[in-house]
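Please treat every number below as a calculation from the coordinates, not as lab data. Quantities reported herein were computed from a predicted structural model and do not represent experimental measurements. Positions of Cβ are generated from backbone atoms using ideal geometry, with glycine treated the same way; all protein chains shown enter the neighbour counts.
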Amino acid sequence: MKRNSNVVTAGGNPVTLLGKIVKVGANAKNFIATDTDLNPVQLSDYQGKARIISAVNSVDTDVGAQQTRRFNLEASKLGGVQVIVISCDLPYALKRFCATEGIDKILTISDHKETDFGIKYGFLIEELRMLARGIVIVDQRDEVRYVEIVKELSQHPDYDKALEEVKRLV
C-alpha cells in the first residue's frame, strides 16, 4: 500500500496516511461504504448532486461529534447538496449516535469494512485504521472541488471555507 507524504498528527505524534490524497480538479473516485442499516452505499448513488464528504476519525470523539452536528445543521440550508459523513466507526455506533443526537439531514456511513474511501482518497491512518479528519467537496459532474485534511486530528476543519466552496456549486 502506498504511503503518502502528507504529515498528520494524532495527539502531536505523526501518523501515516495510506493511499494517494485526492487533488482538486481530479475526477472523484467512486467508493463503497456501509450505511447504518448495513446496506452498501456508493458515492455514485448521489451522482448529479454536489456532495460534501465530511471525514471524521470517530463520532465518539468531541470534534467528530461536533463536526457531524455542524454538517447536519448546515444540510438544511444547502438544498441540492448531499452531505455524507464517513468514518471507520461500526454502522451500529453511527446509528446510535444519529438517534441520540437527532442527526437526520445527512447520510452517515462506515468505511470500516472496505476502507475503500480511506485508501482511494488518501485519508486512511495506517496505525489507527481510522480516517483522518477532513472535507472533500465533489461537484455535480464528479469533479473534486475542495480538499482539506486537518493536520492535527484534534482540530476542526475550516467549515466556513468548505461551505463557501459548496455554495458556489448550487
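The residue of segment 11-49 that is farthest from T100 (Cα to Cα), among those that are of a type in the set (V, I, T) and not in a loop (DSSP other than H, G, I, E, B), is V15. Residues in segment 126-167 that are within 11 Å of A50 (Cβ to Cβ) and touching a residue at least 12 places away in the same chain (Cβ under 8 Å): 11 in all.
In a loop (DSSP other than H, G, I, E, B) and surrounded by fewer than 21 Cβ atoms within 10 Å (Cβ to Cβ) - does that describe any residue in segment 50-57? Within segment 50-57, none of the residues are in a loop (DSSP other than H, G, I, E, B) and surrounded by fewer than 21 Cβ atoms within 10 Å (Cβ to Cβ).
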